[in-house]
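K.L.:
Before we start, here is the structure in question, set down as structure tokens.
All of the numbers you see were taken from the coordinates with simple rules; none came from a lab. Source: prediction; values computed, not measured. Cβ sites come from the backbone with ideal geometry, for glycine too, and all protein chains shown count toward neighbours.
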Amino acid sequence: MSQQKKSPTIVRAQLDLANLQAIDPHLDLGDDLSIDALEELIEETQEAIAQFNIASATIVTNRKLIREKEAAIVDLSQRLRLGVGARYGKNSAEYQLANRAAKRGKNAKSGKTAENNSNSAVTATSAMN
């Protein structure tokens, strides 16, 4: 589960509020400098934090769901490719076609490209001569 956001600013403001209320429960210095204004702002901030925590929990849940779905996609794709091999044979054009995208995906993950591979072959051949 995600770490819930907490606000040390609110904790300090609540202590300030309690101390100010000890001076005068209805303290109002004018120009919106009042206990009521501080209480309202604390409540608005707490609500914003609660909404943030709900959104964070939703993101964590969705991230987990996406990972599970991606794993299912990888598994199904692999099983389909293996099934093509079983049905048509591993030396068939169909099997080669089914596995072409998988090989490209592996090259992309490792940072290799067809161009890099061909350049390596040319370099290796040149070094031998």
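K.L.:
Mind listing the phi-derived Karplus ³J(HN,Hα) values for the stretch 84-93, rounded to whole Hz, using 6.51, -1.76 and 1.60 with θ = phi - 60°, and x for any glycine or proline?
P.N.:
5, x, 5, 6, 9, x, 6, 9, 7, 5
K.L.:
Any chance you could run the full-extension gain for Ala71 through Lys5? It's 0.36 nm times the residue separation minus the Cα-Cα distance, nm to one decimal.
P.N.:
Contour length minus Cα-Cα distance gives 20.7 nm.
K.L.:
Output ³J(HN,Hα) for the stretch 18-24: one whole-Hz value per residue in order, computed from phi by the Karplus curve 6.51 cos²θ - 1.76 cosθ + 1.60 with θ = phi - 60°, and x for Gly and Pro.
P.N.:
Each residue of the stretch 18-24 in turn: 4, 5, 5, 5, 5, 6, 7 Hz.
K.L.:
Also: Against the globular-protein guess of 2.2 N^0.38 Å, express the Cα radius of gyration of the stretch 1-73 as a ratio, rounded to two decimals.
P.N.:
1.72
K.L.:
Amide H to amide H, which residues 5 or more places from Ser34 or on other chains are under 5 Å from it, using H placed in the peptide plane?
P.N.:
Amide H neighbours of Ser34, under 5 Å, 5+ apart: Leu29.
K.L.:
Then there's this: Report the extension gain between Ser34 and Leu80 in nm, rounded to one decimal, defined as 0.36 nm multiplied by the number of residues separating them, less their alpha carbon distance.
P.N.:
This chain segment gains 9.7 nm when fully extended.
K.L.:
Give me a comma-separated list of calculated 3J(HN,Hα) values for the stretch 76-82, in order, Karplus coefficients 6.51, -1.76, 1.60 applied at θ = phi - 60°, integers in Hz, x for any Gly or Pro.
P.N.:
With coefficients 6.51, -1.76 and 1.60, one gets 5, 4, 5, 5, 5, 4, 5 Hz.
K.L.:
What does a probe at Leu41 reach in the stretch 4-29, counting residues whose amide N is under 11 Å from the point 7 Å along Cα→Cβ?
P.N.:
13
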